[in-house]
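Q: What follows is a single structure, and I will ask about it in a moment.
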Amino acid sequence: MQHAKLVAFTRKVDGGKVDAVYQLVTALAALAAGESFATVETLARCPDFLQFLCTRLGPNFSAAEFLRALDRLHTRHLPSSLTEARRHAPDNMALQMIAELQGKLTSETFPPMCRQRYRKSLGARRFDLGTRLMH
């Protein structure tokens, strides 16, 4: 939204933390707008997206190792884009999935694609029904 020069509101939860769903939606919107490596790093640090990767890539996927590899990639090569990052880490399946997601975000019509992506990414999310969702 900021790229489009629209007013964006940050959804905060108790304790001042940014809401995880808001964080995910913001990162996905940025990914739809472009493939900067900063956007990849932001998306990679969304708890719901990491859960999505764990679900899709199976039990051998380690979120901690993926984030370490992403940090090493940033330190060693300072890639400016997802394409550049994948050139330096062609076997990184998580980066491959981000590239596929970016392709979907930019090639399909928004409403049906958005519903489908939300179902996939949030399908693994477990809600604590004991907490208040609305304030």
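Readers should treat all values here as calculations from the given coordinates under stated rules, not as data from a laboratory. Since the model is a prediction, treat every value here as computed from it, not as a measurement. Cβ sites come from the backbone with ideal geometry, for glycine too, and all protein chains shown count toward neighbours.
Q: Multiplying the sequence separation of R72 and M97 by 0.36 nm and subtracting their Cα-Cα distance, what value in nm do you get?
A: Taking 0.36 nm per residue and subtracting the Cα distance, the gain is 7.1 nm.
Q: Tally Lys/Arg at +1 and Asp/Glu at -1 over every other residue whose Cβ is under 11 Å from the Cβ of L73; what's the total?
A: Around L73, the surrounding residues sum to +2.
Q: Going by average Cβ density within 10 Å per residue, which order do the peptides 39-51, 74-86 take, highest to lowest?
A: Going from most to least packed, we get 39-51, 74-86.
Q: To continue, here is another question. Describe numerically, in nm with one decimal, the distance between label points set 7 Å from Cα along Cα→Cβ at Y22 and at S81.
A: 3.2 nm
Q: Same structure again: Ranking request for peptides 97-104, 27-34, 56-63: highest mean number of other beta-carbon atoms within 10 Å first, then the rest in descending order.
A: Result, highest mean first: 27-34, 97-104, 56-63.
Q: Figure the gain on full extension for N60 and T106 (residue separation times 0.36 nm, minus the Cα-Cα span) and round it to one decimal in nm. Intermediate values should be presented prior to the final figure.
A: Details: separation 46, 0.36 × 46 = 16.56 nm, distance 2.95 nm.
Additional length available on full extension: 13.6 nm.
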